[in-house]
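**Student:** Quick one: structure below, then a few questions.
The values are calculated or read from the model by the stated rules, or taken from the named source; none is laboratory data. Since the structure is predicted, the reported quantities are computational estimates derived from the model, not experimental observations. For neighbour counting, all protein chains shown are included, and Cβ atoms are generated from backbone atoms with ideal geometry for every residue, glycine included. Side chains are part of the model used for accessible areas, which takes the heavy atoms of the whole protein and leaves out ligands, DNA and RNA. Shrake-Rupley method; radii C 1.70, N 1.55, O 1.52, S 1.80 Å.
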Amino acid sequence: MGYDMGHLFDGVEPDASGHLFDSHPEVAMTRPDSLLYRDRIIVEPMRAVETPYGNSVEPMGEPAYCWCSLEGRTQKNSVFSENWAQDTTPQSTGGLREVTIVKILAPEWHGDIRTRVWHDGSCYEVDGSPVLMPHSTKTARHWEIQARRVYAPELAKNHIDPPEVKEDTPVWGMSV
């Protein structure tokens, strides 16, 4: 015997039948299986500070996790950074200074040009303004952010830990 699936609730009072999800907890959004959700980075908003010793940046607000795709750059044509893999300016300690550029593709972004990003122990500073890429489908709409590495644990003499992210902090990319 077959069921008439086209008229499931005909003749049933809505209040008498109850509601489908009344007794179930709210379902949290899960991470989509797409390119924009491959890497989880720590984003640390920063602000500019003027001191008698010069200008600097310091943390502002709470750090958060951000789902994104973090890719190494193949073209080094940026506005702020060097255009080659190494800066050949002589340093006071001798040797060359590394310049590693990455591109971050994120579905949600709240940072600016002073934002700091942590991934796999390395620290990156945003290099230029984040750019929204709005002309695409809902699932492919994203921000593009360029960043340069400023701290590499394998090259540093001192060790710096990434900032701690509180458990209840909203994750960027999960509210889109």
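**Student:** Report the local net charge at residue 47: Lys and Arg +1, Asp and Glu -1, summed over other residues whose C-beta lies under 14 Å from its C-beta.
**Tutor:** Combined, the nearby Lys, Arg, Asp and Glu give -4.
**Student:** A further question on this structure: May I ask you to give the percent of accessible area on segment 122-170 that is carbon plus sulfur, with a probe radius of 1.4 Å?
**Tutor:** The computed percentage sits at 53.
**Student:** Between residue 69 and residue 53, what length in nm is gained on full extension when 0.36 nm per residue of separation is reduced by their alpha carbon distance?
**Tutor:** Here the answer is 2.1 nm.
**Student:** What shape does segment 96-176 have by the C-alpha gyration tensor, where a ≥ b ≥ c are the square roots of the eigenvalues, rounded means a/c under 1.5, and otherwise prolate means a/b greater than b/c and oblate the rest?
**Tutor:** Oblate is the answer for segment 96-176, as a/c is 1.5 or above yet b/c matches or exceeds a/b.
**Student:** I've got another one for you. Give me the net charge of residue 161's neighbourhood, meaning all other residues with Cβ under 14 Å from the Cβ of residue 161; Lys, Arg count +1, Asp, Glu -1.
**Tutor:** That works out to -2.
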